[in-house]
Amino acid sequence: MNNDPFELPEPKPAKPDVLRLVPLGGLGEVGRNMTVLETEGKILIVDCGVLFPEEIQPGVDLILPDFQYIQDRLDKVVGLVLTHGHEDHIGAVPYLLKHRQDIPVYGSGLTLALVEPKLQEHKLPVTNLRVKAEGQKLDLGPFHLEFCAVNHSIPDALAVMIRTKAGSALITGDFKMDQLPLDGRITDLRAFARWGEEGVDLFCVDSTNAEVPGFITSEREIGPVLEDVFLHATGQIVVASFASHVHRVQQVLNAAATTNRKVALVGRSMVRNMEIAAESGFLHVPNSVLIDLNDVNSLPPERRVYMATGSQGEPMAALSRIANRSHKTISIGDGDTVVLASSLIPGNENSVGRVINNLMRLGARVIHKGNSKVHVSGHAAAGELLYAYNIVKPKNVMPIHGETRHLVANGALAVKTGVKPQNVMLAEDGVCVEVKDGHAEIVGQVPCDYVYVDGTSIGEIGEPDLYDRRVLAQEGFVAVYVVMELSTGTILAGPTVIARGVAENDAVFRDIEPQIADALTDAARGGKATVHDMERVARRTLGRWVSRRLRRAPMIVPLVVEAE
């Protein structure tokens, strides 16, 4: 396998007679999926999603793909194609369209229905949203597209076959091969086979579950498990899931109707997405099963179900606030049941563990994937991927969507089915893969950094800022203030030490203040010291004392003011 994409040179501009693919997100991570395709001087984009921050990225709201590679060539973009409506595939669309608002956006009916309110929220036009369905074809400049149905954990997902003069690429998006999906819409393996007979030059395949053997359990097996949980629960029930998991919400509504309970949707995104799904015909609400959150207290506890966000332990989501007893409407106690009906995204283990522990501390029974079959994945396992490779028989493969270990495992599966190892493109974000006449190769790598959204700022903070935030969060903050006459070394005010998150009482710092004064006076002898010199002395003296006395390494901010 071509497994050394690191330390690659920056590629030359793409030649008109090749098909170049550049993933700007989604490789080596689970999120911010975005792939750029280029040929004949034109650009096609597939997906444009976000990555959600981890604990090591405090204060960050979202992480975007890096648009730098196409920033000055957006006029060459002929379209943006969206494979499905999850945030990691559509969440960054408004941020891209802010750079060029008239890019036509193509996707299924539900996908675009979920994109529309995002554009409205960012005050962007929605007139360029164009619905496409499985079986339809689309010509965008030199790109000739054909769509087919795939099933996933959100309805109305699509795979896309992209043909050009230089070669073809089949992009699965996120998919699995559930043979008994809730909506009866199975992955169209006939289309995969037809394209395979035609010849697929590059097969870009979902890798998330490549390490999982066998086949993913059908969604239909979750319904009876949820009904059994609801039937035996004695108090309130809280079910946490992704805000876009229409199938899981459908099963919760069905279980509630069967057990004479009512469901309140909790969380702005959950309410909005389910309204869209219901209006679009993808969510079927049993009569009178939904109740407004403000009215739920009129019911006895044994008839209440809350369908909430926060299954990944997000600190501001509904479930975390319930677990921390800070939710203004919902409180949990003895006899209540909480169901985490979602998979665990890598990196969120600690956050989810804390939420579970807090809920159990409150007396709740917590049911999750680890102790009950309350969730099945939306991604194809190894058996399904082998099936796909054997049907398509691609000339070349590029595993997509997953951490490095998932990509490697997926590539190994392709080799087992007969793909030559040198024809497996193991890439990472920014790596350029070029296709021509059935041959694929890695030709370089473009810059592809994380772009952080922090409040209203986009791309204004970087790793140094995050490092400072982590230090502040973990070790605290100490400031020392002093006014002195540098020419004589005379201290006129201070030193005064102020700390936050370092010690229980600032009085402990009174011991170090005379030592800082002595160090500053000594350093000022000779009359040539600068304010910067004095601040370094203060920082060094205070830092050594804090490390030795308090065993901490806080952020230290010295402020030396020169008296005139």
Query - T164 being at pLDDT 95 or above, buried (at least 17 other Cβ atoms within 10 Å of the Cβ) and β-branched (V, I, T) - result: yes
Report task. Please name all residue pairs, on different chains or six or more residues apart, with Cβ atoms under 9 Å, provided the first residue is in segment 78-107 and is more than 20 Å from I63 (Cα to Cα) and in the same structural domain as C48 (by TED's automatic domain parsing) and the second residue is surrounded by fewer than 20 Cβ atoms within 10 Å (Cβ to Cβ) and of a type in the set (D, E, K, R). Result -> V78/K42; G79/R130; P104/R130; V105/R130; Y106/R130; G107/R130
Query raised in the report: Which number in (1) crowded, with 20+ Cβ neighbours inside 10 Å; (2) without any contact (Cβ under 8 Å) to a residue 60 or more places away in the chain marks the one condition that E219 misses?
Result: (2)
Query raised in the report: With V212, V246, V200, V239 as the choices, which residue is β-branched (V, I, T) and closer than 27 Å to G363 by Cβ?
Result: V239
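Could you tell me whether any residue of segment 288-305 is touching a Leu at 6+ places or on another chain (Cβ under 6 Å) and either polar (S, T, N, Q) or surrounded by 22 or more Cβ atoms within 10 Å (Cβ to Cβ) (or both)?
Pass one, segment 288-305, residues touching a Leu at 6+ places or on another chain (Cβ under 6 Å): 289.
Then drop every residue that is not either polar (S, T, N, Q) or surrounded by 22 or more Cβ atoms within 10 Å (Cβ to Cβ) (or both), which leaves none.
No, every residue in segment 288-305 fails to be touching a Leu at 6+ places or on another chain (Cβ under 6 Å) and either polar (S, T, N, Q) or surrounded by 22 or more Cβ atoms within 10 Å (Cβ to Cβ) (or both).
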Query raised in the report: Conditions: (1) of a type outside the set (V, I, T); (2) in the same structural domain as Q251 (by TED's automatic domain parsing); (3) at pLDDT 95 or above. L362 meets all but one. Number of the miss?
Result: (3)
Report task. Exactly one condition in (1) at pLDDT below 95; (2) surrounded by fewer than 24 Cβ atoms within 10 Å (Cβ to Cβ); (3) among the hydrophobic types (A, V, I, L, M, F, W, C) is not met by A92; state its number. Result -> (2)
Query raised in the report: Just for strands (runs of 3 or more DSSP E) wholly inside segment 91-171: which have at least 2 residues that are over 24 Å from the mean Cα position of the chain (by Cα)?
Result: 129-131, 137-140, 143-150, 157-163, 168-171
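Looking only at residues in segment 354-382 that are closer than 22 Å to G28 by Cα and of a type outside the set (S, T, N, Q), which one is surrounded by the most Cβ atoms within 10 Å (Cβ to Cβ)?
A380
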Report task. Collect the residues in segment 349-387 that are free of Cβ contacts under 8 Å to residues at least 60 places away in the same chain, under 28 Å from S207 (Cβ atoms) and among the charged types (D, E, K, R), keeping them in residue-number order. Result -> E349, K369
Query raised in the report: Which condition breaks for K123 when tested against (1) closer than 21 Å to G26 by Cα; (2) surrounded by fewer than 18 Cβ atoms within 10 Å (Cβ to Cβ)?
Result: (1)
Query raised in the report: Are any residues in segment 97-118 touching a Leu at 6+ places or on another chain (Cβ under 7 Å) and crowded, with 20+ Cβ neighbours inside 10 Å, and if so, which ones?
Result: L97, V105, Y106, G107, S108, T111, L112, V115
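Only one of D206, D201 is among the acidic types (D, E), out of contact with any Phe, Trp or Tyr (no Cβ under 6 Å at 6 or more places or on another chain) and in contact (Cβ under 8 Å) with a residue 40 or more places away in the chain. Can you tell me which?
Details: D206 fails: out of contact with any Phe, Trp or Tyr (no Cβ under 6 Å at 6 or more places or on another chain).
Just one listed residue meets the conditions, D201.
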Query raised in the report: Can you find a residue in segment 392-407 that is surrounded by fewer than 17 Cβ atoms within 10 Å (Cβ to Cβ) and of a type in the set (V, I, T)?
Result: yes
Query raised in the report: Does segment 261-319 hold any residues that are over 26 Å from H84 (Cβ atoms), among the small types (G, A, S) and modelled with pLDDT under 90, and which are they?
Result: S288
Query raised in the report: Of the residues in segment 172-183, how many are within 18 Å of F147 (Cβ to Cβ), of a type outside the set (S, T, Y) and in a loop (DSSP other than H, G, I, E, B)?
Result: 6
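Could you identify the single residue in L140, L129 that is within 18 Å of N273 (Cα to Cα), modelled with pLDDT of 95 or more and surrounded by fewer than 24 Cβ atoms within 10 Å (Cβ to Cβ)? Even if it seems obvious, please write down each step before you answer.
On the way: L140 fails: within 18 Å of N273 (Cα to Cα).
Within the list L140, L129, the selection yields L129.
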Query raised in the report: Out of segment 28-46, which residues are of a type outside the set (D, E, K, R) and either over 14 Å from I171 (Cα atoms) or part of a loop (DSSP other than H, G, I, E, B) (or both)?
Result: G28, V30, G31, N33, T39, G41, I43
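The values are calculated or read from the model by the stated rules, or taken from the named source; none is laboratory data. Keep in mind that this is a model prediction, so the values were computed, not measured. Virtual Cβ from ideal backbone geometry, glycine too; neighbours counted across all protein chains shown.
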